[in-house]
Amino acid sequence: MGYLGVQDRFQIQMSSMEEFIDKENTVRFVDAFVEQLELDKLGFEIATLKTEGRPAFNPKVYLKLYFYGYLNGLRSSRKLEKEAIRNVELHWLLEGLAPNYHSISDFRKINPKALKTTFKLFVLFLKDAHLIGGEVVAMDGTKIRASNSKKNNFSPKKIARHLAYIEERTNEYLAALEQNDLTEKSVEKVKNIQDKIAKLKTNKIKYEQLTKAIETSGDTQVSITDTDARALLVQGQVVEVSYNVQAAVDQKHNLVVATHTINRNDRNAMSGIALETQENLGRKDFTAILDKGYHNGREIETCQKAGITTLVCPPTIVNANNKGTTADYMVDKFEYHATSDTYTCPAGNSLSTTGTWHKKTRERDSYQFKKYRTPACKTCPVQTLCTAKADGRREIERSQYADAIEKNGLNYLANKDLYRKRQEINEHVFGTIKRQWGYNHTNLRGLEKVNGEMALIMTVYNMKRAINILGIEKLLEKLKKWKPKYPTLTKSNKKQPILRLCANFRISHQRYAA
């Protein structure tokens, strides 16, 4: 039996682009969704149409192109330009148009807030399509690498090492010059050493300027290539210059209902993502599940006051002093009485407070607390098991957020089975985006632009998941009946760079460069 027959390349055929696109093709939903949007109400930059010159591309062309690109693992504007020319699906989606890479890239850069608003609008569509339950939401964060190397990220300690190295090398070169003067050797060698000293002086000035930039900003580090990127703990002791993508995932179908990107750790991020979830869902009474990295009294209290039921895993209490408190006399074994504002210790003694509020700062986050003591510690038979302090007195601290923390603790104990589902709900999103799609880094710079790209990625994730759940035809039916409710747009001032020199700062790294 022979091979299959082929078509003659020169045979003229009568066909249309419509024939090449299957009814269940994803591009049909992308086209229908974008066509239904009013981009000016979403905050997209709309070009002013002129009677002269070359006509502009409709911004919907770019939005369709980016949705298609991120759905198919294409993020590069140059690759999207090529695909627009040779890809049959894009020929149909863009109706034969093919923008150049520069215009494609600019659309994503200048519309980060609009992309974020588009994500919120798509969440509203999913809610109206009854794909979002809105009762239980799991929240977590994941790190994505920034467009900034470790070499171009500086902390005061790192700068101090560089300055010490410059000082050491300068002294060596000066000593070499002095030795050369005594021996009257090569003039060429003298000039070479003088050039090296001048280079070290230039680098020293730049490091001093970076120190000034850190002091001015009040931050603990500064990045040069991307001024908003920060060195964050990724896993164990591994540190990467990155961003922290926060996501709130609904339990019903693992759809993302809120997302934003920050450049700090999770400790102070809970209320931000929880309140955004509240806004996007249009309801207050839902349960938020988070891991112990989010356990922060102030954040928990903020959420509870907003009507959110918090389910945050309490941190493990660790006794670092083997000669001190035993397990039977840890803080959680002391019973608090709200009416009398006292504690009762395991031995039955009452600890009271003077009512004075003290202040403590932890990771640039300050809070107030009261101290509770009892004179009975001095004669207590279990004193050596309860405390290792020199004065032999046990002291309990109760923060201003203790009531909220205790309420959260009771929620956690009563819903342990529900808490165990946390990873099933939100890890699916991060696993798909980072492992399967390879979106573990960003090529954009600046917190606002990265926020726009991450919102685009989450919109595409929701889009693909909704298609897998209902299919194209059912989604298109729901889309025809849907009437978009556009959110109110707000204007905010753009954040200025810490120091202008950071954008062009380059140093010839020698030792301690990493």
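Things worth noting here:
- Residue count for segment 423-455, restricted to those that are open to solvent by 50 Å² or more (accessible area, probe 1.4 Å), of a type outside the set (D, E) and over 26 Å from I289 (Cβ atoms): 4
- Subset tally (residues that are assigned to a loop (DSSP other than H, G, I, E, B), surrounded by fewer than 10 Cβ atoms within 10 Å (Cβ to Cβ) and of a type outside the set (A, V, I, L, M)) for segment 2-37: 12
- Residue ranges of strands (runs of 3 or more DSSP E) in segment 324-389 with at least 2 members free of Cβ contacts under 8 Å to residues at least 24 places away in the same chain and within 30 Å of D219 (Cβ to Cβ): 358-362
- The condition (being part of a helix (DSSP H, G or I), open to solvent by less than 20 Å² (accessible area, probe 1.4 Å) and within 20 Å of N25 (Cβ to Cβ)) is satisfied by just one residue among F107, F125: F125.
- Residues that are buried (at least 21 other Cβ atoms within 10 Å of the Cβ) and assigned to a loop (DSSP other than H, G, I, E, B) within segment 128-151 comprise I132, A146, N148, listed in sequence order.
- Among residues of segment 462-507, those that are open to solvent by less than 100 Å² (accessible area, probe 1.4 Å), assigned to a loop (DSSP other than H, G, I, E, B) and either within 30 Å of K23 (Cβ to Cβ) or at pLDDT below 50 (or both), counted: 7
- Residues of segment 217-269 that turn out to be surrounded by fewer than 18 Cβ atoms within 10 Å (Cβ to Cβ) and more than 21 Å from R422 (Cβ to Cβ), as a count: 8
- Segment 110-122, residues that are crowded, with 19+ Cβ neighbours inside 10 Å and under 12 Å from P59 (Cβ atoms): N111, A114, L115, T118
- Candidate set: segment 390-416, residues that are basic (K, R) and either assigned to a helix (DSSP H, G or I) or touching a residue at least 24 places away in the same chain (Cβ under 8 Å) (or both); chosen: the one farthest from Y294 (Cα to Cα): R394
- Pairs meeting the criteria (first residue in segment 36-53 and in contact (Cβ under 8 Å) with a residue 24 or more places away in the chain, second residue assigned to a helix (DSSP H, G or I) and open to solvent by 90 Å² or more (accessible area, probe 1.4 Å), beta carbons under 6 Å, at least 6 apart or on different chains) are E45/I110.
- For Y165, the test of being surrounded by 15 or more Cβ atoms within 10 Å (Cβ to Cβ), part of a helix (DSSP H, G or I), touching a residue at least 40 places away in the same chain (Cβ under 8 Å) and not small (G, A, S) is passed.
- All positions within segment 384-422 that are touching a Cys at 6+ places or on another chain (Cβ under 8 Å), over 30 Å from N254 (Cα atoms) and open to solvent by less than 50 Å² (accessible area, probe 1.4 Å): C386, T387, G392, R394
The values are calculated or read from the model by the stated rules, or taken from the named source; none is laboratory data. Just so it is clear, the structure is predicted and the values come from calculations on it, not from any experiment. With ideal geometry, Cβ positions are generated from the backbone for all residues, glycine too; neighbour counts draw on all protein chains shown. The accessibility values were calculated without ligands, DNA or RNA, using every heavy atom of the protein model including side chains. Shrake-Rupley method; radii C 1.70, N 1.55, O 1.52, S 1.80 Å.
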